Amino acid sequence: MKHYAISSLLQLLMASGCMLVVVSATADETKIGFVSTERITRESEPAKASEARLEAEFSQRRKDLQDFTIKIKAMAEKLDKDSPVISESDRLKRQRELSDMDQDFQRKQRAYREDVNQRINEETVKLNERATKVIKQIAEAEKFDIVLQDNVVYFSPRIDITDKVMKALSK
């Protein structure tokens, strides 16, 4: 009986060893990549070009809003300075004008923010679609089994293909 138990134990150990070799061989064959989406949206050439386009697209409206703010502030200061010497009806009229201008400013500022956010989202979607296409091309060309993006607790710099993706996006 002892011989049977030892023989069974040896078979079990040999089978376990073979399984470890198979698992190890499979793990060595698996090719994993990692891409930092955050770096792509911040550092890639298309992201920088998109940022420059948005800056050019909205710079005049931003300047107009800044000028409008200065105008409202100047009117408020003038009203404060003139309040002691102007009639009550004139003061009320100026306060209404100032309030109307402030409401107009708030409306324009809200519309500006909505337009900027919409354009940022459009540009981000475009970049993400393009990056996804490039990631898939690189993964297929270099025979990756899986490519992970963000939300990874740890990754080795050896599997980080973000620079390759950014280089391909720049073409």
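Scanning the stretch 151-171 for residues that are touching a residue at least 12 places away in the same chain (Cβ under 8 Å), surrounded by 12 or more Cβ atoms within 10 Å (Cβ to Cβ) and closer than 12 Å to GLY33 by Cα gives PHE155, ILE159, ASP160, ILE161, THR162, LYS164, VAL165. Do the conditions hold for ALA111, that is, is it more than 35 Å from the chain's Cα centre (by Cα), farther than 30 Å from VAL147 by Cα and surrounded by 10 or more Cβ atoms within 10 Å (Cβ to Cβ)? When the stated conditions are applied, ALA111 does not pass them. Scanning the stretch 123-134 for any residue that is touching a Lys or Arg at 6+ places or on another chain (Cβ under 9 Å), over 30 Å from ILE161 (Cα atoms) and of a type in the set (D, E, K, R) turns up nothing.
As an exercise: evaluate ILE86 against (1) surrounded by fewer than 12 Cβ atoms within 10 Å (Cβ to Cβ); (2) aliphatic (A, V, I, L, M); (3) farther than 21 Å from SER44 by Cα and give the number of the one condition it does not meet. Single failed check for ILE86: (1). Residues in the stretch 83-96 that are in a helix (DSSP H, G or I), aliphatic (A, V, I, L, M) and farther than 26 Å from GLN109 by Cβ: 1 in all.
Number of residues in the stretch 133-150 that are in contact (Cβ under 8 Å) with a residue 12 or more places away in the chain and farther than 14 Å from THR37 by Cα: the value is 8. The set of residues in the stretch 32-67 that are surrounded by 16 or more Cβ atoms within 10 Å (Cβ to Cβ), closer than 19 Å to ASP115 by Cα and polar (S, T, N, Q) contains only SER50. Just one of the listed residues (ASP102, ASP80, ASP115) is touching a helix residue (DSSP H, G or I) at 6+ places or on another chain (Cβ under 7 Å) and part of a helix (DSSP H, G or I), namely ASP102. Looking only at residues in the stretch 119-171 that are outside any helix (DSSP H, G or I) and β-branched (Val, Ile, Thr), which one is farthest from GLU45 (Cα to Cα)? Step by step, filter the stretch 119-171, then rank; the result is VAL153.
Among the residues of the stretch 114-147, the ones that are of a type in the set (Asp, Glu), out of contact with any strand residue (DSSP E or B) (no Cβ under 9 Å at 6 or more places or on another chain) and surrounded by 12 or more Cβ atoms within 10 Å (Cβ to Cβ) come to 3 in all. For the stretch 24-73, the set of residues classified as touching a helix residue (DSSP H, G or I) at 6+ places or on another chain (Cβ under 9 Å) and part of a loop (DSSP other than H, G, I, E, B) consists of LYS31, SER36, SER44, listed by residue number.
Laboratory data are not the source of any read-out in this text; all were calculated from the coordinates shown. What you see is a predicted model; the values in this text were computed from it and never measured. Because the Cβ atoms are built from the backbone with ideal geometry, glycine has one as well, and the counts that use them run over all protein chains shown.
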